[in-house]
Amino acid sequence: MTVTVLIADDQAVVRAGLAMLVDSQPDLAVVGQASDGLQAIRLTKELAPDVVLMDIRMPLMDGLEATRTITAGSARPPSRVVILTTYDIDEYVFDALRAGARGFLLKHAPPEELLRGIRAAVDGGALLSPTVTIRLIEAFAAGRPRSVRRPPALARLTSREREVFDLVVAGLTNSEISRTLAIAETTVKTHISHALDKLGLRDRVQAVIFAYEHALIPPWPPG
């Protein structure tokens, strides 16, 4: 299966570089490019890409508002939005979390990380760049006490669902969880779906925030 990608960025040089990287992969293909948020929304409706690589700061409509519109759309399956960030605008990234973005990648990340982020969005959820994951969640949860009391909903998970949930929180994709636990990817998806439903969570990003806020993962920095 070829994963189709729409690139939304107001800088032509950035779009060209990303397009060259994506099109160099046999399983990925760029189907369109947008220079602003309004164009990104229009092309997403027209082309129905699997993944939209979305810049945040763009003219006419920024990437945050465009992400809200795309993720609130009725398309099935919906296009997954992966935010491209320079990381020095954390508050925008938090808004994108709430808007339904499925991943966060740094523009200066290694090419293999960018490609992994695209595939992860289709493979089973959200990917947070390893260099921003803990800091983003730490800042997102700032001012919120980390509860040492285990939420009652956790008890509703089966042992396998909890095992899969922990690996999701650790950042593994569906295929990686499948290999780790020696179970089929379809089974992994089922366990993830059940775990998220039982915990009242929308996606993997919310799962990581949930785990942080309930002290299921350690604070950062350690110690």
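Quick note: the coordinates plus some simple rules give every number you see, no bench work behind them. The shown structure was predicted, so the numbers you read here are calculated from the model rather than taken from an experiment. Reconstructed Cβ throughout: ideal geometry from the backbone, glycine too, with neighbour counts over all protein chains shown.
Over all distinct Cα-Cα pairs of the stretch 144-213, the Kirkwood formula returns a hydrodynamic radius of 12.3 Å.
Counting other C-beta atoms within 10 Å, which of Thr67, Thr186 has the fewest, and how do the rest follow?
Going from sparsest to densest Cβ surroundings: Thr186, Thr67.
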